[in-house]
Structure formats: C-alpha cells, structure tokens
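Asks: The structure's right below; bear with me while I get my questions together.
The values are calculated or read from the model by the stated rules, or taken from the named source; none is laboratory data. These numbers were taken from a predicted model, which means no experiment stands behind them. Note: ideal-geometry Cβ built from the backbone for every residue, glycine included; neighbour counts use all protein chains shown.
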Amino acid sequence: MQAVNSFDEPQANARGEQQQYLTFRQGEETFALPILVTKEILEFPALTSVPLMAPCVRGVLNLRGQVVPVVDLAARFGRPPAAVTRRTCVVIVEIGSEDTRLDIGVVVDSVSQVIDIPADQIEPPPSFGTRLRLDFIKGMGKVDGQFVLVLDAEHVLSVEEIATLGTVTGEAA
C-alpha cells in the first residue's frame, strides 16, 4: 500500500475566514472534506473483508499496524458500490472527539485538489433537490462558478449509524 499524499499538519486561514478542503469526485459529483479531518490519501489498497459488516463497509486495511475500516462512499449514499479504477483512492479521515479519535478510510472515485473556500462562499445545504441526506451536507461551496458539496464527516461516517446498519444486515441474513 503506497501513500499518495499525507496531511500531517493541515492549516486554516489565521483569521478563520476561509478553510482548506480536499475535493474529490464520487460519481458525477464533486465533494469536499475539510483538510483538518483528512490525514492522507492512499492508492486503493488490498482490503480484508469482515463478515456481517454494513453493506457500505468494504473491509479493513492495515495502516502502519492500525486496523482501519474502509467505507465505500457511494454505498453509504445509497448508491451501487463504486467500481475500482486506477484513479480510485482511499482518503483516511479522522473523526470523533478529542478523547476518542478514529481513523476511517473513505473510497472515492478520484481525488481532485486542495482548495481554499472563503466562509462567505459556503451556503447552507438546500432543503430539497439533493440526492443525499441533508445531515450529510455541511454546505454548498461556490468554487469557480460551480458548487461543491461540503460533507459533514461526523455524520457521513457516524460509527454508531454504520454499526447499526451492520447489525440490521446481519439479522436479515
């Protein structure tokens, strides 16, 4: 498994007026995650499947001795699992509170770039018209005349909710 990029010490604007985001593609849409929760980007690694996991969990990977669950973002959004191509990556995201931090891998079709989005260029998510749950969207960032869906990593990657999905799937089997 080869690291493509690492973000050991992400920086935000000193005045907090804009924040850096990692943008990536999933299907036909462009999404963004705050760089502050992004740890690194990996080429798609070999994964170990785990029985009775939620359908959106592709498996686990060994990241320097640590077991990291890997969530297929397309499946998490209720879509068919993403096909693995040469551009498919796993973005390692750190979520949780200061006391309990957890690394989770996120399968994305391709990583685009790190961009600055001024706070005044991020609008609340629309109340209708998106193909995602509203609690998954932190806002809509305007970048070069296009919208980027800024994801709420804590909700999209909610360990409790994903575990519940696995329990329901296991009971159905």
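Asks: Quick one: would you say residue 101 is within 16 Å of the chain's Cα centre (by Cα), surrounded by fewer than 19 Cβ atoms within 10 Å (Cβ to Cβ) and at pLDDT 85 or above? Can you show your working first?
Replies: On the way: within 16 Å of the chain's Cα centre (by Cα): yes; surrounded by fewer than 19 Cβ atoms within 10 Å (Cβ to Cβ): yes; at pLDDT 85 or above: yes.
Answer is yes for this residue.
Asks: List the number of the failed condition for residue 41; all other conditions in (1) in a strand (DSSP E or B); (2) touching an Asp or Glu at 6+ places or on another chain (Cβ under 7 Å); (3) modelled with pLDDT of 95 or more hold.
Replies: (2)
Asks: With (1) closer than 27 Å to residue 164 by Cα; (2) modelled with pLDDT of 90 or more; (3) more than 16 Å from the chain's Cα centre (by Cα) as the list, and residue 79 as the residue in question, which single condition is left unmet?
Replies: Going through (1) closer than 27 Å to residue 164 by Cα; (2) modelled with pLDDT of 90 or more; (3) more than 16 Å from the chain's Cα centre (by Cα) one by one, residue 79 breaks only (3).
Asks: Can you find a residue that is at pLDDT 85 or above, among the hydrophobic types (A, V, I, L, M, F, W, C), out of contact with any helix residue (DSSP H, G or I) (no Cβ under 7 Å at 6 or more places or on another chain) and within 24 Å of residue 162 (Cα to Cα) anywhere in region 115-122?
Replies: To start, the set of residues in region 115-122 that are at pLDDT 85 or above comprises 115-122.
Among the residues that remain, those that are also among the hydrophobic types (A, V, I, L, M, F, W, C) are: 115, 117, 119, 122.
Narrowing the set further to residues that are out of contact with any helix residue (DSSP H, G or I) (no Cβ under 7 Å at 6 or more places or on another chain) leaves 115, 117, 119, 122.
Among the residues that remain, those that are also within 24 Å of residue 162 (Cα to Cα) are: none.
There is no residue in region 115-122 that is at pLDDT 85 or above, among the hydrophobic types (A, V, I, L, M, F, W, C), out of contact with any helix residue (DSSP H, G or I) (no Cβ under 7 Å at 6 or more places or on another chain) and within 24 Å of residue 162 (Cα to Cα).
Asks: Can you spot a residue in region 101-122 that is hydroxyl-bearing (Ser, Thr, Tyr) and touching a residue at least 40 places away in the same chain (Cβ under 8 Å)? Spell out how you get there, then give the answer.
Replies: The first filter runs over region 101-122 and keeps only residues hydroxyl-bearing (Ser, Thr, Tyr), leaving 110, 112.
Add one more test, that the residue is touching a residue at least 40 places away in the same chain (Cβ under 8 Å), and what stays is 110, 112.
Among the residues of region 101-122, at least one is hydroxyl-bearing (Ser, Thr, Tyr) and touching a residue at least 40 places away in the same chain (Cβ under 8 Å), which makes the answer yes.
Asks: Could you check region 70-108 and list, in sequence order, the residues that are assigned to a loop (DSSP other than H, G, I, E, B) and touching a helix residue (DSSP H, G or I) at 6+ places or on another chain (Cβ under 8 Å)? Even if it seems obvious, please write down each step before you answer.
Replies: At the first step, the residues of region 70-108 found to be assigned to a loop (DSSP other than H, G, I, E, B) are 77-88, 97-100.
Of everything in region 70-108, those that are assigned to a loop (DSSP other than H, G, I, E, B) and touching a helix residue (DSSP H, G or I) at 6+ places or on another chain (Cβ under 8 Å) turn out to be 77, 80, 81, 82.
Asks: Scanning for something modelled with pLDDT of 90 or more, under 20 Å from residue 53 (Cα atoms), over 10 Å from the mean Cα position of the chain (by Cα) and of a type in the set (D, E, K, R), does region 132-142 turn up at least one residue?
Replies: no
Asks: Of the residues that sit in region 31-65 and are among the β-branched types (Val, Ile, Thr) and more than 12 Å from the chain's Cα centre (by Cα), which one is surrounded by the fewest Cβ atoms within 10 Å (Cβ to Cβ)? First the steps, then the outcome.
Replies: Here is the first cut: in region 31-65, the residues among the β-branched types (Val, Ile, Thr) are 35, 37-38, 41, 48, 50, 57, 60.
Checking the rest, the ones that are also more than 12 Å from the chain's Cα centre (by Cα) come to 48, 50, 57, 60.
Numbers: 48: 12, 50: 15, 57: 24, 60: 17.
Only one residue fits best here, namely 48.
Asks: Run down 93, 68 and say which single residue is over 19 Å from residue 27 (Cα atoms), without any contact (Cβ under 8 Å) to a residue 40 or more places away in the chain and either among the β-branched types (Val, Ile, Thr) or crowded, with 20+ Cβ neighbours inside 10 Å (or both).
Replies: Details: 93 fails: without any contact (Cβ under 8 Å) to a residue 40 or more places away in the chain.
Of the residues listed, the single one that is over 19 Å from residue 27 (Cα atoms), without any contact (Cβ under 8 Å) to a residue 40 or more places away in the chain and either among the β-branched types (Val, Ile, Thr) or crowded, with 20+ Cβ neighbours inside 10 Å (or both) is 68.
Asks: Hey, any hits in region 83-96 for a residue that's more than 21 Å from residue 35 (Cβ to Cβ) and β-branched (Val, Ile, Thr)? Please lay out each step first, then the result.
Replies: First, pick out the residues of region 83-96 that are more than 21 Å from residue 35 (Cβ to Cβ): 83-86.
Those left that are additionally β-branched (Val, Ile, Thr): 84-85.
Yes: one or more hits.
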